[in-house]
1. Exactly one of these conditions fails for A:Lys84: (1) away from chain B (no Cβ under 13 Å); (2) within 17 Å of the chain's Cα centre (by Cα); (3) modelled with pLDDT under 95. Give me its number.
2. Condition test on A:Thr34, is it under 30 Å from B:Ile103 (Cβ atoms), assigned to a loop (DSSP other than H, G, I, E, B) and open to solvent by 30 Å² or more (accessible area, probe 1.4 Å)?
3. Looking at B:Leu109, is it open to solvent by 30 Å² or more (accessible area, probe 1.4 Å) and either more than 10 Å from chain A (Cβ to nearest Cβ) or at pLDDT 95 or above (or both)?
4. A:Thr58 versus (1) polar (S, T, N, Q); (2) away from chain B (no Cβ under 14 Å); (3) in contact with an Asp or Glu (Cβ under 8 Å, 6 or more places away or on another chain): which is the lone unmet condition?
5. Quick one: A:Leu90 ticks every box in (1) touching a Ser or Thr at 6+ places or on another chain (Cβ under 9 Å); (2) open to solvent by 10 Å² or more (accessible area, probe 1.4 Å) bar one, so which box is it?
6. Is it the case, given these coordinates, that A:Ile107 is over 24 Å from A:Gly67 (Cβ atoms), within 14 Å of chain B (Cβ to nearest Cβ) and touching a residue at least 60 places away in the same chain (Cβ under 8 Å)?
7. What are the pairs with Cβ atoms under 6 angstrom where one residue, in region B:166-181, is crowded, with 16+ Cβ neighbours inside 10 Å and the other, located anywhere, is among the small types (Gly, Ala, Ser)? Sequence gap at least six, or different chains.
Amino acid sequence: MKKLMSLFIAGLLSVSLVGCGAGSGGGEQGIKGTPTVAEEGVEVSQEHPLVIDKEAKTIKVYATVNGKYTVEPTRHGLNFSEGKYGDQALFTSFANPTNFHDAMVEIGGTPGNNLTPDTAGQQIEGSDVDVTVTWDGAPKEFTMSEVVNDSTGKPIQYKFGGNRERSIEAFTGCLACFDSCPVGITSNSSHMQGEFANKEVEFRGNKDVLPADGTPVVVTFKLS
Amino acid sequence: MGSSTRWWKGLLGLLNAILLPTIAGLGLASLLIQSTWLDMRADLGALSPTFVIFAVIIYLLNQMYQLDRWTYWENKKVVWLILLGALLIILIVNRFDWDALTIVPASTLRDGFKLTFLTLNQVNILLIVLLVLGAVVSWQYQKIKLHKMGRKIVTKKQRTQIALLLAVAFVFVLLYLVQPGVRYFVNEASAKLASADIEAFKNYLQSFGIWAPILSAVLMILQSVVAPLPAFVITFANGMLFGAFWGGLLSWSSAMLGAALCYWIARALGRPVVEKLVSKSAVDWTDKFFDRYGKHSVLLARLLPIVSFDLVSYGAGLTSMRFWGFFVATGIGQAPATILYSYLGQTASGSVKILFWVFIIVICLAILIAAWKKRSSLLHN
C-alpha cells in the first residue's frame, strides 16, 4: 500500500513536470553564444574581438594560436571559442560567427550561400576575401597561405560563403574553414566541399612561421 | 591500524585513482587523435577527466562495498601497462618528434581538463610530475598493501546492478564531455528549461484554480502518512506557487492535518501497524527519542529538520501524550521551517528553481527505483 502510494505521488509529480515541459514554448530563435557586435574605431583585443572598418572594407578578429594544429591536421581555420568545435581550429576566435557574418555584409560582402550538406564536391562562392594574420613582433602581415601548410600546395583563396542560418543552427563556431564549407562564414575555395574529409588534403599551421601556442593574433579579412 | 596510517593510505588510494586514469586517458586520446575524423568531432582530451571521475567513484564505492576486483588500476600489471603503454603510444604517435611531443599531449590534457590558464610549457611540467607521481604513488600503494575493502558484502545481482548503473552513467558522461554536439544539446536544453519552463510550470499548476491548493494539501497529507517526499519539498513549491504567506499557511495547515492523521492512526491501530508503515527500527528509534526528551520531544523534533515529520507523529500517537499538547507543539515547532522554506520558495532565483525541480525529479526517480526494487525482491522471494 505504502509503495503504491509512493508510486502514485511520484507519478503525479512526474506527469505534472512532463505536462509543463510539453506545454511551454521554446526560446526565441536567434544568435547563439555570447554576441560580439562589430565595433568601429577601437583597437582589436580580447574585449573588442570584432572590429570593422567600413571605409577600408576590413574586419579584424582577435584570436589565439592553437599549437596542437601545427602538428595535427585540421579543417578548421578560425573558430569561435564558444562554438561546438572551438577547440578544433588552428586559431581560436573570440568573435561570434553570426556577428562576423553581419559585419561581412556591412563592409559590402556578397554571401555565396550556394552549398548545403548535400553538395559535396562543389566549390564555395561569394565575394573574394583576402585573409592575413599578424601578431605582436611579427615581421609583417602574413597571408593565410604563408601560415598554413596545404598538403597539395594550392594557395588558400577565401570566399564569403554566407551560411548565416546554418551556422546558427549547427553552431560549430566556424568563421573560416580550410575547404569549401556549407556552415563556415568564409571558406577556402581552392578545395571542394568534402576534400579534407575524403583525405584528399591536409592542413597544418606552419610552425616555422607562427608564434607559440596561446599567442594572441589578429586575423584580418579584406574584401578584394 | 592507526587513524593517521589509515588516512595516509586513503589519500594514496585516491591519488592513485586520479593519476593513473589521467595517464590512461591521455594515452588513449593520443592514439585516437590519429583518426582525423574523430579528432574533428570529439574533444578527445576529455577522456582523461571521464576516466578520473569514474575511477574515483569506483574507489569510493570500494570503500563501502566489496567491489575490489573493479579497481583495475590498482593491479600491478595494469599499472605498468598503463604507464609504459601510455608513454609508448605518446612517443610513437608523435613520431619521437620533439615539437610534437611538447605540443600534442600537453594540449590534449589542457583541453580535457580545461586548464586554459596554463601555457603548454606549464602543462608539460605538470605532465612530467603526473607521470613520476603516478609511478611513485602506485609503487607505494603496492608496497604497503593499502587495499581497504568495504565491509558491506554485495550479492552478485547487486554487483551487476551497480555495474549497469555505472556503465550507463559512464556512457552519458563520456558523450557529454567528449562529444561537443551532445554537450551543447544538454546545455541548451537546460538553459531553455531555466529561462522559460519554470514559469510555465507555475502557470500550469495555477490553471487548476482551487484544485491546485487542494492537490498540494492532499500531497502534504499523503507524504505525512507514507513519507515518499520530504515535507520541505512541498512547502518550497507552495512558496513558489502561492507566495510566502498563502503558500506558508497552506503548507503549515496541511502539515498539521497530516500530523493529526498520523497521530490518530498510531493511537487507533497501535504499534504493529505503525511498524509496518515506518519499519520496526524507526519506531524503536522514536521510543528512545521520546524517552530521552520527554514532553519536549515533539517541539524539539519539529525544530530539527533532520528528524522525520511523520515518524514523530506516529511516535507521539504511541505514547501517553495528549492530542492537544502534541498538536500545539507541532504547530509551534514546524512554524520556523515552514516560514523559511516558503520564503525561499517565493524568492528563489531561476537557477535555484531549476535545482529544486531537478531535486524533485531525482527524488521521484529514486522512489520509483526503490519501489521497483522492493517489488522485484518480493516477487523473487
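The values are calculated or read from the model by the stated rules, or taken from the named source; none is laboratory data. The shown structure was predicted, so the numbers you read here are calculated from the model rather than taken from an experiment. Cβ atoms come from the backbone with ideal geometry, glycine included; neighbour counts cover every protein chain shown. Heavy atoms of the whole protein, side chains included, go into the accessibility calculation; ligands, DNA and RNA do not. Shrake-Rupley method; radii C 1.70, N 1.55, O 1.52, S 1.80 Å.
1. Unmet for A:Lys84, out of (1) away from chain B (no Cβ under 13 Å); (2) within 17 Å of the chain's Cα centre (by Cα); (3) modelled with pLDDT under 95: (1).
2. yes
3. No: the conditions fail for B:Leu109.
4. That leaves (3) as the condition not met.
5. (2)
6. No; evaluated as a whole, the condition is false for this residue.
7. Final answer for the pair search is B:Leu177/B:Ala46; B:Val178/B:Ala42; B:Val178/B:Ala46; B:Gln179/B:Ala42.
To keep it simple, each residue is scored yes or no on (1) among the hydrophobic types (A, V, I, L, M, F, W, C); (2) in contact (Cβ under 8 Å) with a residue 24 or more places away in the chain; (3) away from chain B (no Cβ under 13 Å).
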{"residue": "A:Ile124", "(1), (2), (3)": "yes, yes, yes"}
{"residue": "A:Thr134", "(1), (2), (3)": "no, yes, yes"}
{"residue": "A:Glu141", "(1), (2), (3)": "no, yes, yes"}
{"residue": "A:Cys174", "(1), (2), (3)": "yes, yes, no"}
{"residue": "A:Phe178", "(1), (2), (3)": "yes, yes, no"}
{"residue": "A:Pro182", "(1), (2), (3)": "no, yes, yes"}
